[in-house]
Structure formats: structure tokens, C-alpha cells
């Protein structure tokens with residue numbers, strides 16, 4: 001199985017477990033101080049997204065189980081939530097309500113409608129995009145935005161890249177999968193070709209987020 005197929009398969013099987021990671025339960029539990037640090041960083045990013053205010057029509061890549069979809073609906077007129085796995089979107093539907101359209105599609109094969117969105121958002125997704133598909137992905141983000149449109153992204157932070165940008169992941173039942181995982185640095189994001197991005201690491205250095213516009217829009 002190639003790594004992209006294995007990655008999709010992993011997240012399909014992980015759908016019922018994902019919220020355990022997000023809420024630091026089960027095998028993902030932390031000691032009290034580390035847990036406090038984790039949730040403080042989440043709150044910091046949530047505040048940054050609220051200040052960004054993703055209004056209008058929003059495209060969410062890799063929408064997953066809906067932790068961020070629900071928050072986007074507080075600002076957006078409409079959210080189009082795209083994910084490769086119906087299993088994760090099924091959970092998303094139970095969490096987010098109202099103005100959301102769901103689309104099950106392989107993000108690497110799906111082409112967004114042109115100039116249809118005011119904001120493109122993706123959380124914990126860019127780190128899973130392989131090097132050879134980055135230009136295509138960022139081109140699709142640009143294609144999706146209306147004039148004056150903006151992008152906001154959130155991802156895991158670590159101070160160094162993994163060998164080969166690959167990581168082994170284990171499900172609760174012991175099955176293991178290999179996924180792409182690139183830990184982006186602020187300077188790398190801000191140097192993204194064709195974009196003007198501003199990146200920041202959270203206080204406890206567990207999450208990175210960035211926002212900006214296509215360079216030609218300035």
C-alpha cells in the first residue's frame with residue numbers, strides 16, 4: 001500500500017478514536033500539568049481564529065470529526081467541509097449543525113470550484129501533504145479563493161522534521177500505519193511561494209498557526 005492510501009486508511013479507522021486524542025483520553029492521556037498546557041494552547045489558537053473571523057463562505061479541507069467545523073460555523077455564512085473519509089464526516093455531522101455542506105472526496109484528487117470561497121481553512125492537514133504535492137495543493141487553495149480571500153491553518157508543532165517526513169501511528173487495537181508528518185516551522189510557512197503568511201507558535205509550543213492571503217492580492 002502506498003503511503004497516501006495507508007494514511008487515508010489510518011484516518012478512516014481512527015475516526016472513532018480521534019476525539020480521544022483531541023481530548024487527551026485513553027492512550028493519549030497526559031499528566032495534569034501537560035494536559036493543562038495542551039488545552040491552554042488550544043484555547044490560544046481558538047482565540048486567534050475568532051479574531052481572524054472566517055466570515056462568508058468557508059472551505060474546510062480535512063474537516064475530520066468537526067472540532068473546527070463547529071467553530072467555523074460561528075462566523076461563516078456557509079461551510080463546505082471536505083474529507084476523504086465518510087466515517088469522520090459522519091461524526092462531524094453530529095457535532096456541527098446548520099450551515100454546512102459535506103463532501104467526501106480525496107483532497108489530492110479533488111479540484112475546488114474556482115473563486116467560490118472567502119476563506120480556506122485547514123487544521124492538522126498541511127503536515128500530511130507530501131512534498132511533491134505541495135505546489136498543487138497551494139494552487140488549489142488559491143483557485144478556491146475569491147479576490148480578497150484569506151487562508152487560516154493550524155497544525156502540530158515540533159522544532160525539527162522527522163526523517164523522511166514519515167511517522168508510525170498506532171490504533172487502540174494495536175494496528176500500525178505509516179503517515180506523512182512534516183513539522184512546519186514559522187519561517188518555512190512564511191516563505192510559501194505565492195503567499196503572504198504570518199505564522200505563530202503557541203505559548204507552550206505544541207501548535208503552530210498561520211494566516212494570510214495570496215501574494216498577488218496585496
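Quick note: the coordinates plus some simple rules give every number you see, no bench work behind them. These numbers come from a predicted model, not from an experiment. Quick reminder, even Gly has a Cβ in these numbers, built from the backbone with ideal geometry, and neighbours come from all protein chains shown.
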**Item:** Shape call, region 59-171: gyration tensor on alpha carbons, a/c limit 1.5
**Value:** oblate
**Item:** Nearest 10 degrees, 0 to 90: helix 134-144 Cα axis against the chain principal axis
**Value:** 50
**Fill in**
Stretched fully, the stretch from residue 172 through residue 191 gains (0.36 nm per residue minus C-alpha distance, one decimal, in nm) 3.1 nm
**Request:** Compute the long axis of helix 32-52 from its Cα atoms, compare it with the longest principal axis of the Cα atoms of the chain, and write down the angle in degrees, 0 to 90, nearest 10.
**Result:** 10
**Mean separation of Cα contacts under 8 Å, 6 or more apart, over the residue count of region 1-83: relative contact order %** = 24
**Message:** Starting from the 7 Å offset along Cα-to-Cβ, what nm value, one decimal, do you get for the label separation of residue 74 and residue 131?
**Reply:** 3.9
**Message:** To check you understand DSSP bridge types, tell me what percent of the beta bridges within the chain (both residues inside) are antiparallel, rounded to 5.
**Reply:** 45
**Complete:** Helix 86-95 sits off the longest principal axis of the Cα atoms of the chain, rounded to the nearest 10 on a 0 to 90 degree scale, by 80
**Mean separation of Cα contacts under 8 Å (6+ apart) over length of the chain, as relative contact order %** = 20
**Prompt:** Hey, of (1) 16.3, 44; (2) 16.5, 50; (3) 17.7, 66, which did the structure itself give for Rg and Dmax of the Cα atoms in Å when calculated?
**Reply:** (2)
**Request:** Decide, for region 1-64, between rounded, prolate and oblate: order the square roots of the alpha carbon gyration tensor eigenvalues as a ≥ b ≥ c, take rounded if a/c falls under 1.5, and otherwise choose prolate if a/b is larger than b/c, else oblate.
**Result:** oblate
**Prompt:** Between residue 43 and residue 19, what length comes free when the chain is fully extended (0.36 nm per residue of separation minus the Cα-Cα distance, one decimal in nm)?
**Reply:** 7.0 nm
**Complete:** Under 18 Å by backbone N from the virtual spin label 7 Å along Cα-to-Cβ at residue 109, the residues of region 5-49 are 5-13
